Amino acid sequence: MLLQALSLHAQITAMEWMASPFASPHEALWFHRTFLTHQRPLTTHISITTACNIKLYFNEIPLTPNISTNNQLQEAGAIYTFQFDVSNYTRADSNTVAILCAPAPPNQLQTLAVDIYGLHRNGLPFAHRDADNWLCRPSGITITANRECHDCYAQPDDGYTQHIATACWLPPAIPHTALNHRVISHYPHEPLHYHIQVEHPCSVHTLKQGIAYDFGEGFYGYIRLTLRDATPGEHITVNGASFTCHGTTDEQASTLFVPRYYRWVVITGDENFTPDQIQQIEGLRITPSFHHIFY
């Protein structure tokens, strides 16, 4: 046990930490980097140590519907390490890692350390631990204790793509002092994922200032809307969560990091909102699962 504890301490302290270069402590950030391989490696793993909620994309593939550590992070200073096996998705050229990192209230620390490592086909190990080759930009998502706001008009949701407009990105800030965190949990395997069951409303009710959906039975999770012909910059509110539309022909609006209990869902908006813009509404009921679920 002592050797395991010393090994974990050495792993955490040896990581190169990245922090937000921006002023807002409530905004979720995209972290993005590309690494090259001459041949497809035998194995590739990604280890992420953070006190934040994260979504990981590898070569534009979403590998986590959501990892939420809100329940465990009631004790300030706790950080967690999540490990992912991405060997099946690694290519023999450029590979892109993108992480959407959101503060997990009550903690407002927007810091993380990422270790990309594995084995080449000749059996030699490789690792990318440096923070110098990462880029960072705001996502347009802000998180407070019980509210999530998405501004898709100001920041389109393209931070996970391989080709990005680098002029809009900045290098992450590098903390000059070691983070004084106490590691209270370390997951050596894949983190707990959610099984997502899609629910549909059983009735619809027109309101004076919007529309309400009754799902009949309450559930814990998220709401996902599919919108059509929204006006660029149009603002809508879904049970307190707010969305600013980017105005493409079809777009989806969904919370990502703040699950809530739902039965009645009330949707209102500004003067540009009309209920017929809603093409579909889905409830995403979440339950723990030990298998990857993509949606």
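The values are calculated or read from the model by the stated rules, or taken from the named source; none is laboratory data. Since this is a predicted model, take the numbers as computed values, not measurements. Cβ sites come from the backbone with ideal geometry, for glycine too, and all protein chains shown count toward neighbours. Remember, those area values only see protein heavy atoms, side chains included, never the ligands or the DNA or RNA. Shrake-Rupley method; radii C 1.70, N 1.55, O 1.52, S 1.80 Å.
So for the pair HIS163, THR43, with labels modelled 7 Å out along Cα→Cβ, what separation do we get in nm?
Each label point lies 7 Å from its Cα, and together they span 3.5 nm.
Starting from the 7 Å offset along Cα-to-Cβ, what nm value, one decimal, do you get for the label separation of HIS120 and TYR220?
4.8
What's the FRET efficiency of TRP264 with ARG91 using the Cβ-Cβ distance as r and R₀ = 45 Å, to the nearest 0.05?
Numbers: r = 46 Å, r/R0 = 1.02.
For R0 = 45 Å, the calculated efficiency reads 0.45.
Give me the one-decimal nm value for the distance between modelled label points at THR287 and ILE61, 7 Å along each residue's Cα-to-Cβ direction.
About 2.7 nm, to one decimal.
With a probe of 1.4 Å, find how much accessible area the stretch 109-170 has per residue, and write the answer as a whole number in Å². Please list the in-between numbers first.
Numbers: 3230 Å² over 62 residues.
I get 52 Å² per residue for the stretch 109-170.
Quick one: what are the phi-derived ³J(HN,Hα) couplings along the stretch 82-89, Karplus 6.51/-1.76/1.60 with θ = phi - 60°, whole Hz, x for glycine and proline?
Rounded to whole hertz, the list is 10, 10, 10, 9, 10, 4, 6, 10.
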